[in-house]
1. Across the stretch 65-74, in residue order, what do the Karplus-derived ³J(HN,Hα) couplings come to in whole Hz, using 6.51 cos²θ - 1.76 cosθ + 1.60 with θ = phi - 60° and x for Gly and Pro?
2. 5 Å is the cut-off here: which amide hydrogens, built 1.01 Å from N in the peptide plane, fall below it relative to Arg89, excluding neighbours closer than 5 in sequence?
3. Taking the simple approach of a point 7 Å from Cα along Cα-to-Cβ for both Ser3 and Lys46, what is their distance in nm?
4. Put +1 on the Cβ of each Lys and Arg and -1 on the Cβ of each Asp and Glu in the stretch 61-156; which of Ile75, Ile119, Gln88 then has its Cα farthest toward the positive end of the dipole?
5. What is the spin-label model distance, in nm, from Arg89 to Thr76 if the labels are put 7 Å beyond Cα along the C-beta direction?
6. Go ahead and run the numbers for FRET between Ile105 and Gln136, Cβ-Cβ distance against an R0 of 30 Å, rounding to 0.05.
7. Express in nm, to one decimal, how much length is gained between Leu29 and Asp113 on full extension, taking 0.36 nm for each residue of separation and deducting their alpha carbon distance.
8. Do the sum for the chain: with -39,500 (n - 2.57) for every DSSP H run of n ≥ 4, divided by all residues, what is the mean residue ellipticity at 222 nm, to the nearest 500 deg cm²/dmol?
Amino acid sequence: MKSYVLETEQAIPISLEQAWDFFSSPLNLAKITPNDMKFVVTSDYKPGTKMYEGMIITYKISPLLGIKLNWMTEITHVKEGEYFVDEQRFGPYALWHHEHHFKTIKGGVLMSDILYYAIPFGPIGRLTNAVYVGKQIEKIFAYREKAIRELFGEVS
């Protein structure tokens, strides 16, 4: 199975506490996901719910041609104020391991993401990644960066 890595960084002009508060709430993920993905958290979490190790989060997404898919991730690691990891338990990927790291910097917080993913179906999956999925993931993360900038501004 061929796996892929995407790494991103974004400086955000908010405190570490504000960043952790926003990004550790599963309900805020929809706020930074492109509308055309029709991303909906289907878990019964209330506003203010914070991630914890073992937390299961379910979603509906439409990543391709409006086809709705179920997706389930588990928060596998949490170090308060430093990082958390979500891993797919059920969904469209053969592998999904997404690390979210936070570090105080001058003027705010540096948020780093490291995503390891793989597409099922061997050579067909590799072709699908080259033609569509890899570009779609990059587009999602570019949208996310823009949405975060619109929500919080930029570090000057």
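1. 6, x, 6, 7, 10, 8, 9, 10, 10, 10
2. Correct list: Met72, Thr73, Glu74.
3. Computed distance between label sites Ser3 and Lys46 equals 3.8 nm.
4. Ile119
5. It is 1.3 nm.
6. 0.50
7. Once the chain is fully extended between Leu29 and Asp113, it gains 28.9 nm.
8. -6500 deg cm²/dmol
Taken together, the values in this text are just the output of simple stated rules run on the coordinates, not laboratory data. Being a predicted model, the structure only gives us computed values, none of them experimental. Counting neighbours? That spans all protein chains shown, and the Cβs are built from the backbone with ideal geometry, glycine included.
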